[in-house]
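Shown next, in structure tokens, is the structure this report addresses.
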Amino acid sequence: MKAVILVGGQGTRLRPLTLATPKPMVPLANKPFVSYVLEHLKENGIEDIVFSMGYLPEGIKSYFGDGSGFGINLAYVVEDHPLGTAGAVKNVEQHVRDGDFLVLNGDILTDLDIRAMIEQHRVKEAVGTISLTPVEDPTAYGLVSIGEEGEVLGFLEKPSWDQIDTNLINAGIYVLKGEVLDMIPAGVEYSFERGVFPRLVGKGLYGFSSNAYWMDIGTPEKYLQAHYDILEKNVETSVSDCLDSDFVCLQGKVNLETGAKLVPPVIIGDGTTIKAGARVGRMAVIGAGCTIATGCAIEESIVQEGARLHEGVRVRQSIIASGADIGPGTVVAGGAIIGENASIGGDNILTNHIRIYPDTVVKKGSIKF
Ligand code: GDD
Ligand code: MG
């Protein structure tokens, strides 16, 4: 079976991380996010995969190429303008025309049993099968109500509170019959969530409910949470083995000075230096080639590739993007995001979900927020 991964969105809610890097290439535990989607597909026996792209396609193409390095076959289709989720699939019709095919939102981390989902789709002779997962707040998702046989009774995208009658939502993975392509107009914006699925209610559309791990990484909070879940092995990923039983994963050669302290769970990238008297963890992912100076303390945070943290920097529940430079004594906390190659002087306090854009220069002691 072939799969289409939708990666055309701009990832606006993850800005500034997605200004120069498309959401699929934003690192998750030091690997492009979408590589987890590809690994998950491969584990489920799906090896022919099409990327449906729009925003910043080049980085994805050059990293994954034809897929042979990852043991899969990849094709790429780039839209001139956003076609919506269904329009994007119509646009790659030539790749999926024969038989059933899979569609995946490209921003979902899950270990869902796709094989079992395909099996249910075949047993029910469904026209379409939507993966479903329970969430506490369905308002940011597609609300799906199902009957006793799993048949979809209603599909409502981004419901308001008074419309919510179930906690099951669209988990963003579909198995579809080829004939669904005939329902989608070509060359115009059209969506599965507001077009195809509401029209298919009562006409062979089924839900596949599961309690597998599931997370849409589309906001900074969820992106951080996905890291915590990988670190705690709440989700089975290729990083799980490296974390082993001590929950410390050193990826390659890490220069850990005597007196540097790692508090598990923690992941440290290749070539990173942690100086004496620095403390990293619990719950921290440090990218490759970073420098963490004496007196630094990093917990529940992500520091991407090549960042430099000078003496006594404290980071908590925050994200420092690649190449950023953080001056001595600065505090980064409370959901702050420091963009790529930003240069933050010493003695600043950056908290309250502040978002510093890439390449920004912040003078010493100028923000105490
Ligand atoms: N190629 C292409 N073209 N891809 C697109 C387009 C487009 O015009 N628009 C969105 N996408 C891709 C995004 O890159 C993302 O991977 C996926 O489609 C879903 O878009 P989001 O913008 O992330 O949607 P959402 O998170 O608000 O809602 C969707 O996902 C929820 C689950 O996380 C919907 O499918 C909901 O029903 C669902 O519950
Ligand atoms: Mg999303």
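The values are calculated or read from the model by the stated rules, or taken from the named source; none is laboratory data. The shown structure was predicted, so the numbers you read here are calculated from the model rather than taken from an experiment. Here Cβ is always computed from backbone atoms with ideal geometry, including for glycine, and neighbour counts include all displayed protein chains. Please note that ligands, DNA and RNA were not included when accessible areas were found on the heavy atoms of the full protein model with its side chains. Shrake-Rupley method; radii C 1.70, N 1.55, O 1.52, S 1.80 Å.
General observations
- Out of LEU132, LEU156, LEU168, sole residue that is more than 15 Å from SER210 (Cα to Cα) and aliphatic (A, V, I, L, M): LEU156
- A single member of GLY269, GLY306, GLY312 is touching a strand residue (DSSP E or B) at 6+ places or on another chain (Cβ under 8 Å), open to solvent by less than 40 Å² (accessible area, probe 1.4 Å) and small (Gly, Ala, Ser), and it is GLY269.
- All conditions but one from (1) surrounded by fewer than 15 Cβ atoms within 10 Å (Cβ to Cβ); (2) free of Cβ contacts under 8 Å to residues at least 24 places away in the same chain apply to PRO134; the one that does not is (2).
- Residue in the stretch 11-23 that is more than 25 Å from GLN251 (Cβ to Cβ), among the aliphatic types (A, V, I, L, M), open to solvent by 10 Å² or more (accessible area, probe 1.4 Å) and assigned to a loop (DSSP other than H, G, I, E, B) present: yes
- Among residues of the stretch 211-248 being modelled with pLDDT of 95 or more, within 16 Å of ligand 2 (Cβ to nearest atom) and aliphatic (A, V, I, L, M), the one that is farthest from ALA333 (Cα to Cα) is MET215.
- From the list GLU236, GLU257, GLU193, GLU221, the one residue that fits, being more than 20 Å from GLU300 (Cα to Cα), in contact (Cβ under 8 Å) with a residue 60 or more places away in the chain and acidic (Asp, Glu), is GLU193.
- All positions within the stretch 203-236 that are away from ligand 1 (no atom under 16 Å from the Cβ), in a loop (DSSP other than H, G, I, E, B) and more than 20 Å from GLU119 (Cα to Cα): GLU232, LYS233, ASN234, GLU236
- Matching option when the condition is in a loop (DSSP other than H, G, I, E, B), open to solvent by less than 60 Å² (accessible area, probe 1.4 Å), at pLDDT 95 or above and within 13 Å of ligand 1 (Cβ to nearest atom), among PRO185, PRO159: PRO159
- Filter pass, ILE46 being among the β-branched types (Val, Ile, Thr) and out of contact with any Lys or Arg (no Cβ under 8 Å at 6 or more places or on another chain): no
- Candidates ASN44, ASN30: the one that is away from ligand 1 (no atom under 15 Å from the Cβ) and either of a type in the set (Ser, Thr, Tyr) or within 18 Å of ILE302 (Cα to Cα) (or both) is ASN30.
- When the test is whether a residue is open to solvent by 10 Å² or more (accessible area, probe 1.4 Å), within 24 Å of SER35 (Cβ to Cβ) and more than 22 Å from the chain's Cα centre (by Cα), GLY295 does not pass it.
- Among the candidates GLY312, GLY339, GLY346, GLY327, residue that is on the phi > 0 side of the Ramachandran plot and modelled with pLDDT of 95 or more: GLY312
- Residue tally, condition assigned to a loop (DSSP other than H, G, I, E, B) and open to solvent by 10 Å² or more (accessible area, probe 1.4 Å), over the stretch 324-343: 7
- Some residue of the stretch 64-86 being within 16 Å of ligand 2 (Cβ to nearest atom), hydroxyl-bearing (Ser, Thr, Tyr), open to solvent by less than 50 Å² (accessible area, probe 1.4 Å) and within 26 Å of SER301 (Cα to Cα): no
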